[in-house]
6 protein chains.
Amino acid sequence: MEEETRVLKTLFIKERLLYDGNQIHSHWALRNYAILGDSIVAFIGPCDVKREEMVDLEDILKGEVIRAKEMLHFICEHFGVSLKEIVFNQRLLVVCAKEVLEKRGISLFRVGNDLFYEGRKLSVSIATLSPISGKIHLGINIDPEGAPVPAVGLMEMGIDPIIFAQEVMENYSKELVGIGEAMCKVKGVP
Amino acid sequence: MEEETRVLKTLFIKERLLYDGNQIHSHWALRNYAILGDSIVAFIGPCDVKREEMVDLEDILKGEVIRAKEMLHFICEHFGVSLKEIVFNQRLLVVCAKEVLEKRGISLFRVGNDLFYEGRKLSVSIATLSPISGKIHLGINIDPEGAPVPAVGLMEMGIDPIIFAQEVMENYSKELVGIGEAMCKVKGVP
Amino acid sequence: MEEETRVLKTLFIKERLLYDGNQIHSHWALRNYAILGDSIVAFIGPCDVKREEMVDLEDILKGEVIRAKEMLHFICEHFGVSLKEIVFNQRLLVVCAKEVLEKRGISLFRVGNDLFYEGRKLSVSIATLSPISGKIHLGINIDPEGAPVPAVGLMEMGIDPIIFAQEVMENYSKELVGIGEAMCKVKGVP
Amino acid sequence: MEEETRVLKTLFIKERLLYDGNQIHSHWALRNYAILGDSIVAFIGPCDVKREEMVDLEDILKGEVIRAKEMLHFICEHFGVSLKEIVFNQRLLVVCAKEVLEKRGISLFRVGNDLFYEGRKLSVSIATLSPISGKIHLGINIDPEGAPVPAVGLMEMGIDPIIFAQEVMENYSKELVGIGEAMCKVKGVP
Amino acid sequence: MEEETRVLKTLFIKERLLYDGNQIHSHWALRNYAILGDSIVAFIGPCDVKREEMVDLEDILKGEVIRAKEMLHFICEHFGVSLKEIVFNQRLLVVCAKEVLEKRGISLFRVGNDLFYEGRKLSVSIATLSPISGKIHLGINIDPEGAPVPAVGLMEMGIDPIIFAQEVMENYSKELVGIGEAMCKVKGVP
Amino acid sequence: MEEETRVLKTLFIKERLLYDGNQIHSHWALRNYAILGDSIVAFIGPCDVKREEMVDLEDILKGEVIRAKEMLHFICEHFGVSLKEIVFNQRLLVVCAKEVLEKRGISLFRVGNDLFYEGRKLSVSIATLSPISGKIHLGINIDPEGAPVPAVGLMEMGIDPIIFAQEVMENYSKELVGIGEAMCKVKGVP
């Protein structure tokens, strides 16, 4: 008898990739890595989001840039979810990343989907809907050079981004399994 | 990288059990067999549904009985589904059972959720909602004695109910995996 | 007092039409045949899906073609449904088509949404979402010439595609009425 | 080709009935009048809701009574709807009743689900969920005697409750058909 | 302790604006007026909907024009709603507008989402979905010149459109608060 | 123009109350504290959940007890949510509590919905559905005496439970506002 109720596919891509915003489109993991179904994929590379790929209208209206010399990127896709659900997933992914760093003795401060370390920004994140799926991008600075605000990166903290990435993906996956199990064991109440 | 997007738990219970209708309650599989999550469970035994456990109001209003000397019973539970979705699941489960018999050269006629063989009734089925989950009962006659209408059973057809049960559960499980995959590979259209 | 809870509109189009994939767009039946609401429309004609109209990403990535000299095409539209629901509808439509052929003594083998006859492929099918509706295409070969795999058609089976089409549409319509009724007659369970 | 996408069943019950609150339970129309599916049923009779059948917690906490000597009662049941949807349906039913009286030259004032005539209360209404369906009760005073607040009834207005009831049910039915059609004719926007 | 469960943002724009259909796109209020969240915005100006911005396919197929010399326009946006919910919202907005005029002694006749005064058309309205939100446009003629059908406007009725607009927005806002409260105070029923 | 899209009502009850499990029923806050709508309520008192009020079937099957001499209790109610959504809310509430302690220099370890301090359990939590709403109980030990596992409490940590409670409720409220805003500012993607 199987033990897991739902399995998230995880992949760490070894080659360096520029995050330019196209990875937030639906089926990016299927089109490029033959991953069918809900997934979280991580890779390392610079961040320079093209104007036309920005999805946060507040950022667009303020003319902000989303840029860093080197980042660890997570791309999640969950099929058949609502916008509310993908935003909840995004919060939990950010919390997972924060808690993996806490285990290494690094104290972070979270404001919504943003992580801060000693007053400097560590991450960027967005969640949105495609016609078929919900998508999340979470970028954690490795080398924050080029960021438009005071920022910090994993390099300065002495964190190996690859081991960190694996642990975040594993914990996020367990988090979702746990949520599924929590839904299956409770009685309703009057 | 994992290959399955969603795994249905399957169990064949070896001991004989009376189906009296309480098995349609939520968490029956968790309370009795420690199965947490979506599941299909099969067992063999008589069918005699207590009046207060009947869930089909048309049957109740007509004063019908749901009874047979020996049946193969399938109990499905799917968490977090709507009534419509559990009724769709029920249709597919009935179709799976029908097709497993077809592979053995037995031609059946389906009307909604009822299967007929040479004009006699082979099965009973109901789908409903608990506060937490959707539930399905599908009973396939082995020995239809006591049924309130002309009926037929697997015994007369020379079908081994245990092997049959395993194959139905496996095919139903694959059907659901296939549905999940079909949802994850299509582009939206304008 | 009215008897039907929900009525699917059905139409058989007498003129021959090429299925090139644009029929999977939303409101095709409204724009061309003034059909407002949920519908199933059938017509006969060749199948040659334009690259840019293909919606199955696995097919696109493999460079597959969707082609046959003559097919019976069914186009379904259901408004306000989820991707999961339209995929369920698709399975039931395929099952309806299979069962109408079974009644004529033709044994088919179903794998997901594909029908096979003596090891050869009889059908193609896709289900997807538009911004406003769910859409299904089911194509049943009449003359499979040009198909990229070993295939079979209704012509070889001696089936009249028009009578067959009418019966499939009628049975699918009844199937949906039956599903609606199944949802309205059950008591909830604890 | 059928013209209606969804048909609400309507029934006027000629015998007088006490509304005591049990009619708000699911399947009341099926159990008593063999109506399967979404429905609106009307009847005339006194109103005296039993304490244990009251569903408005604000009323219960304030110790209010729901009572009138003679009322026209509407009981709606919609299967598979959310609480929000049944509350929307309730508003539209109240608006339909108001507009049928307006056509007869009677000006009413609506506050949420309550109708007032010259400062006196004409109606009571509640909407809630059963495990399987959404339910609405709308009671329009005919003779308001016994009501706990200043009230008015159709008798004083010179309105025939039976003709009025038929027209309300017909208009509510058209309203729902119109809503269904409005959903099927629009293009999505960027 | 806060008293409101959900607050709709309201804005009356003082400058005159042409309604050409682009205002029905998502985030129009955020992009132009920095309004984040559910909102209703009103403004005054001519109406001349560009062909490519029309969303009612029945209008498009009939070649109709949507035009008037001067209108009071309401633009609503509700995030995370279904097409059905936005159509319900549209009906209630139209009813709110009608009732505000009734309070000024003006009797209107409503057919679906259209308002009529002495047989002439007072309003146009459409509701649709963007990928992220539901949108409503309700246009009430001030000066109906140029309308393709016999029409009437607020000017002829002697109604001040600005005061009227404020009252409609306020009542619509209260209507939604009332619906939210109605959902939070009822007990479920068996 | 209003600034908040959705407001959660918060209340700290000054009198001590036993948490015996009945507070997880729907409308507890409305019935006892006249709070209509989504809410989070906190109070201090012992924890001793009656067998028949336990909702975690795994706990019930293992014969576990849920008990502590003194706890800070949070009771949340969210109307119109799914089981999945209330479980997501529960995770975020637990994370909020954890982060308020982190700000005071206390490092915790989270496993699903459980918080641990130096290997000892700090909290219990459950989320479930009533017919009308989703409900959460989060209990944070003040004095863990009587707990069935090694446990720790706020008293030992030197945390003032009242100030802590206020900050958790405030942060949870902001978290939900932030989630609502995140849903309203993003463009969809292809």
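The values are calculated or read from the model by the stated rules, or taken from the named source; none is laboratory data. None of the values given here were measured: they were computed from a predicted structure. Methodologically, a virtual Cβ is constructed for each residue, glycine included, from the backbone with ideal geometry; neighbour enumeration extends over all protein chains shown.
Annotations
- Among (1) more than 25 Å from C:Gln90 (Cα to Cα); (2) among the hydroxyl-bearing types (Ser, Thr, Tyr); (3) more than 14 Å from chain A (Cβ to nearest Cβ) - the single one B:Tyr33 does not satisfy: (3)
- Number of the exception - C:Arg51 against (1) charged (D, E, K, R); (2) in contact (Cβ under 8 Å) with a residue 12 or more places away in the chain; (3) away from chain D (no Cβ under 14 Å): (2)
- Whether a residue is among the acidic types (Asp, Glu) and either within 12 Å of another protein chain (Cβ to nearest Cβ) or buried (at least 17 other Cβ atoms within 10 Å of the Cβ) (or both) was assessed, and C:Glu77 passes this test.
- Residue, surrounded by the most Cβ atoms within 10 Å (Cβ to Cβ), within the range A:167-179, restricted to residues that are of a type outside the set (A, V, I, L, M, F, W, C) and more than 7 Å from every other protein chain (Cβ to nearest Cβ): A:Tyr172
- Checked against the criteria, C:Arg110 does not count as under 12 Å from the mean Cα position of the chain (by Cα) and under 21 Å from C:Asn171 (Cα atoms).
- The single residue among F:Leu93, F:Leu129, F:Leu115 that is buried (at least 20 other Cβ atoms within 10 Å of the Cβ), at pLDDT 95 or above and within 20 Å of A:Lys103 (Cα to Cα) turns out to be F:Leu115.
- Residue within the range D:100-107 that is in contact with a Ser or Thr (Cβ under 8 Å, 6 or more places away or on another chain) and not hydroxyl-bearing (Ser, Thr, Tyr) present: yes
- Residues that are of a type outside the set (A, V, I, L, M, F, W, C), farther than 10 Å from F:Cys76 by Cα and in a helix (DSSP H, G or I), drawn from the range F:17-43: F:Asn22, F:Arg31, F:Asn32, F:Tyr33
- Residue match in the range F:7-20 (condition: more than 10 Å from chain E (Cβ to nearest Cβ), buried (at least 20 other Cβ atoms within 10 Å of the Cβ) and either on the phi < 0 side of the Ramachandran plot or not aromatic (Phe, Trp, Tyr) (or both)): yes
- Meets criteria (touching an Asp or Glu at 6+ places or on another chain (Cβ under 6 Å), of a type outside the set (D, E, K, R) and over 28 Å from B:Leu176 (Cα atoms)) for A:Gly21: yes
- Residue among C:Leu92, C:Leu57, C:Leu83 that is more than 20 Å from C:Leu8 (Cα to Cα), at the interface with another protein chain (Cβ under 7 Å from one of its Cβ atoms) and not basic (Lys, Arg): C:Leu57
- Within the range A:46-84, being closer than 20 Å to A:Asn171 by Cβ and assigned to a strand (DSSP E or B) holds for A:Met71, A:Leu72, A:His73, A:Phe74, A:Ile75, A:Cys76, A:Glu77, A:His78.
- Some residue of the range F:38-60 being surrounded by fewer than 21 Cβ atoms within 10 Å (Cβ to Cβ), under 30 Å from E:Gly180 (Cα atoms) and among the polar types (S, T, N, Q): no
- All positions within the range A:22-35 that are touching a strand residue (DSSP E or B) at 6+ places or on another chain (Cβ under 8 Å) and either buried (at least 20 other Cβ atoms within 10 Å of the Cβ) or in contact (Cβ under 8 Å) with a residue 24 or more places away in the chain (or both): A:Gln23, A:Ile24, A:His25, A:Ser26, A:His27, A:Trp28, A:Ala29, A:Ile35
- Taking the range D:116-154 as the range and being of a type in the set (Val, Ile, Thr) and touching a residue at least 40 places away in the same chain (Cβ under 8 Å) as the test, the residues that pass are D:Val124, D:Ile126, D:Thr128, D:Ile132, D:Ile136, D:Ile140, D:Ile142.
- Single residue of the range A:101-153 satisfying the filter (closer than 28 Å to C:Pro131 by Cα, touching a strand residue (DSSP E or B) at 6+ places or on another chain (Cβ under 7 Å) and hydroxyl-bearing (Ser, Thr, Tyr)) that is farthest from the other protein chains (Cβ to nearest Cβ): A:Ser125
- Single residue of A:Met169, A:Met183, A:Met157 found to be under 17 Å from A:Ile40 (Cβ atoms) and not basic (Lys, Arg): A:Met169
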